[in-house]
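A short worksheet on the structure shown next.
The values are calculated or read from the model by the stated rules, or taken from the named source; none is laboratory data. As the structure is a prediction and not an experimental result, all values here were calculated from the model. Don't worry about glycine lacking a Cβ; one is built from the backbone with ideal geometry, like all the others, and counts go over all protein chains shown. With ligands, DNA and RNA removed, areas are computed over all heavy atoms of the protein, side chains included. Shrake-Rupley method; radii C 1.70, N 1.55, O 1.52, S 1.80 Å.
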Amino acid sequence: AHTSVAAPRVAFPPGFAWGSATAAYQIEGGATEGGRTPSIWDTFAKTPGKVLNGDTGDVAVDHYHRFREDVRLMADLGLTSYRFSLSWPRIQPTGRGPAVERGLDFYRALVDTLLEHGISPVATLYHWDLPQDLEEAGGWPIRETAYRFAEYASLAASALGDRVPVWTTLNEPWCSAFLGYGSGVHAPGRTNPADALKAAHHLNLGHGLAVGALREVLPASAKIAVSLNLHLVRPLTDTDEDREAARRIEAVGNRIWTGPMFKGGYDADLKADTAHIVDWDELVRPGDEAEIGRPIDLLGLNYYNPTIVSAPNGEAETAEAARNDGHGDSEFSCWPGSEDVVFHLANDDVTAMGWPIDATGLTDSLVGMHNDFGLPLLVTENGAAFEDVVGPDGEVDDPERVRYVELHLQAVADAIAAGADVRGYYVWSFLDNFEWAYGYSKRFGVVHVDYETQQRTPKTSARWYAEVIRRGGLA
Ligand code: PNW
């Protein structure tokens with residue numbers, strides 16, 4: 001069709017998904033509409049001191065009312081796929097009982113609009129918005145929540161499974177468990193290392209039970225995935241001590257998920273590192289690991305930066321490095337059992353989040369995941385916040401974001417050349433949005449949003465990405 005477009009210098013495989021991603025609480029607003037009740041993020045955001053400037057997702061970028069305009073914009077840019085999340089309390093307000101049709105109708109309309117524009121939907125079931133009632137019943141640290149999640153997954157997939165071809169269960173369960181219940185910088189803001197580890201197991205169990213429930217109701221052609229923020233861990237030096245620090249962070253950061261999901265169970269070293277915090281024999285019941293290990297079809301990676309660690313040696317980690325690895329401003333650790341490992345920044349070339357730009361970590365992650373798990377891969381998130389400047393005509397020229405995405409697309413191409421089966425890339429994020437504990441102060445969108453008028457304006461990066469898509473690769 002585009003005979004006038006020159007062949008790309010760096011091409012991607014046929015059928016490669018050119019996408020962008022968002023999450024319900026970060027963009028939807030409509031917090032009390034259609035029968036939606038509060039999730040843990042509504043409660044957390046309204047707790048003084050938890051989110052910068054007291055920002056909340058009550059209105060966010062009003063995607064709940066503006067989704068048709070947003071999908072049109074996606075189509076204008078040529079996106080072939082869109083990853084979004086379903087708000088659990090919009091579909092099942094208390095986390096129990098029947099689905100609310102008005103909640104499902106919103107997603108039916110969104111998905112139908114995407115399909116009308118030829119954009120393939122990828123639905124995430126859980127991007128952190130647990131119904132508040134379930135948190136009050138105990139939240140992810142209790143086993144019951146895993147069963148509630150599987151039931152919700154079944155309700156959502158029964159209603160939308162005829163039109164959504166790719167489903168992902170959890171987004172970044174590491175954040176849910178260790179930022180939500182460990183460092184407390186994310187909802188629900190609890191700070192108990194035992195609860196964080198229990199949450200991790202119950203998120204895993206919820207994933208496995210949900211995979212089973214999804215297989216029962218989805219058509220055979222549907223694909224099931226999970227999105228993990230696997231840390232690309234590098235020891236600061238080659239000493240045994242620094243390599244031991246890297247082993248520990250890989251265990252509680254990565255293998256706590258991939259062990260039971262893909263390798264048959266939790267590794268002995270992870271359990272040994274945390275045995276003083278939680279009784280694994282009591283926590284993990286017979287059959288749990290088999291349940292968690294149900295086969296899935298695709299593995300999603302969310303990648304932002306590498307993780308550099310060294311052994312505890314009395315050297316204080318910098319505030320920037322701590323933030324980079326999820327402590328935020330909390331005095332509580334998000335690394336149970338490995339609280340004393342020291343984090344470092346990979347380099348000084350950082351985004352507005354203070355996150356170092358190092359695309360080699362993306363190549364290394366994808367190649368490592370390919371070798372370790374042998375699954376087809378998706379980059380379900382990658383992107384950057386920068387201090388965008390709005391020009392006189394409302395335009396945003398963001399060459400730093402163009403450079404960031406270009407470097408990371410090149411890194412994906414390098415991984416594919418090395419043999420990794422990468423099927424798609426989803427830039428985070430489509431729209432500027434509610435950046436969790438940072439509120440609206442950090443802008444990740446390729447499309448600018450004026451938070452006063454809700455006007456959308458594609459940034460230079462969006463127009464650049466559209467050219468990449470049209471070309472089928474990098475020039
Ligand atoms: C991811 N950390 O969050 C999420 O999936 C997105 O919703 C979010 O907007 C995006 O990345 C940018 O932050 C993370 O502290 C939040 O390590 C914090 C961490 C990692 C990922």
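Annotations for the structure displayed:
- Of all residues in region 416-440, exactly one satisfies the criterion of being open to solvent by 10 Å² or more (accessible area, probe 1.4 Å), within 12 Å of the ligand (Cβ to nearest atom) and in a loop (DSSP other than H, G, I, E, B), namely Glu435.
- Of Arg248, Arg255, Arg215, all but one fail to be more than 27 Å from Trp41 (Cβ to Cβ), without any contact (Cβ under 8 Å) to a residue 40 or more places away in the chain and open to solvent by 10 Å² or more (accessible area, probe 1.4 Å); the exception is Arg255.
- Members of region 193-203 that are out of contact with any Phe, Trp or Tyr (no Cβ under 6 Å at 6 or more places or on another chain) and either at pLDDT below 95 or open to solvent by 10 Å² or more (accessible area, probe 1.4 Å) (or both): Pro193, Ala194, Lys198
- As a summary of the residue check, Val342 satisfies the conditions (1) out of contact with any Ser or Thr (no Cβ under 7 Å at 6 or more places or on another chain); (2) under 16 Å from Pro235 (Cα atoms) except for the one numbered (1).
- Figure legend. Inter-residue proximity from region 258-278: first residues touching a residue at least 40 places away in the same chain (Cβ under 8 Å) and closer than 18 Å to His231 by Cα, second residues crowded, with 21+ Cβ neighbours inside 10 Å and of a type in the set (Phe, Trp, Tyr), beta-carbon distance below 9 Å, spacing 6+ or different chains. Indicated pairs: Pro260/Tyr266.
- Among (1) surrounded by fewer than 21 Cβ atoms within 10 Å (Cβ to Cβ); (2) assigned to a loop (DSSP other than H, G, I, E, B); (3) modelled with pLDDT under 95, the one test that Met353 misses: (3)
- Of the numbered criteria (1) farther than 29 Å from Arg9 by Cα; (2) in contact with a Leu (Cβ under 7 Å, 6 or more places away or on another chain); (3) open to solvent by 30 Å² or more (accessible area, probe 1.4 Å), the one Arg443 fails is (2).
- Residue that is nearest to the ligand (Cβ to nearest atom), among those in region 317-326 that are touching a residue at least 12 places away in the same chain (Cβ under 8 Å) and open to solvent by 20 Å² or more (accessible area, probe 1.4 Å): Arg323
- Unique residue being touching a Ser or Thr at 6+ places or on another chain (Cβ under 7 Å) and at pLDDT 95 or above when the list is Gly206, Gly180, Gly161: Gly206
- Of the residues making up region 136-175, those that are open to solvent by 10 Å² or more (accessible area, probe 1.4 Å) and of a type in the set (S, T, N, Q) are Ser154, Ser158.
- Some residue of region 292-305 being more than 15 Å from the ligand (Cβ to nearest atom), open to solvent by less than 10 Å² (accessible area, probe 1.4 Å) and in a helix (DSSP H, G or I): yes
- All positions within region 380-397 that are away from the ligand (no atom under 16 Å from the Cβ) and open to solvent by less than 10 Å² (accessible area, probe 1.4 Å): Val396
- Filter pass, Thr47 being out of contact with any Gly (no Cβ under 9 Å at 6 or more places or on another chain) and open to solvent by 10 Å² or more (accessible area, probe 1.4 Å): no
- Inspection of region 109-119 identifies no residue that is in contact (Cβ under 8 Å) with a residue 60 or more places away in the chain and closer than 30 Å to Thr47 by Cβ.
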